[in-house]
């Protein structure tokens, strides 16, 4: 798993946008910025939809006021699903939705997990990674089935 001090892996994935999907390299997108990226198993899944994403939408202004330049959401879904989810949560245009369809970025970060037994295939673990000027400054991954360290509220406390 990626560790504090390491650079952002260079991988091309899709960013969900109002127009569809745009190729993006997180290493380039996050360069020179303070970024809070939360990762989750899947768009439209219960905890992700009812708790994880809504917290970041609600705390968007407060996180920006703490100096966060980009709040990003990473999931192993295609950009169509991520866009539909972002729109349904009124988050498109606020949160940067990174669609890691093949799981390449999740694998490069070392946060991939095999949920084949749950019929979900390869997914990203639930957690949060903070980047500053292209380097990792914090990694907090949840224990399976938990939702404690990666909530927007937990991030607000760490940024205080």
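Each reported figure results from applying straightforward, stated rules to the coordinates on display, with no laboratory input. Worth saying up front: this structure is predicted, and the values here are computed from it rather than measured. All Cβ positions, glycine included, derive from the backbone under ideal geometry; neighbour counts span all protein chains shown.
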| remark: One can check that the equivalent ellipsoid of the range 7-99, built from the alpha-carbon gyration tensor with semi-axes equal to the square roots of five times its eigenvalues, has lengths in Å, largest first, of 18, 17, 11
| message | Under a crude label model (7 Å from the Cα following the beta-carbon direction), how far is residue 118 from residue 157 in nanometres? | response | 2.3 nm
| field | DSSP beta bridges in the chain [antiparallel fraction, %, rounded to 5] | value | 70 percent
| said: Could you order the peptides 35-41, 107-113 from most to least packed, using the average number of other C-beta atoms within 10 Å per residue? | reply: 35-41, 107-113
| remark: When 82, 141 are arranged by how many other beta-carbons sit within 10 Å of their Cβ, fewest first, they go 141, 82
| query | Just how many % of Cα pairs in the range 88-160 lie over 21 Å apart, if you round to the nearest whole percent? | reply | 36 percent
| query | Per the Kirkwood definition applied to all pairs of different Cα atoms, how many angstroms is the hydrodynamic radius of the chain? | reply | 15.3 Å
| request: Calculate for the chain the 222 nm mean residue ellipticity that helices alone would give, adding -39,500 (n - 2.57) per DSSP H run of length 4 or more and normalising by residue count, nearest 500 deg cm²/dmol. | output: -6000 deg cm²/dmol
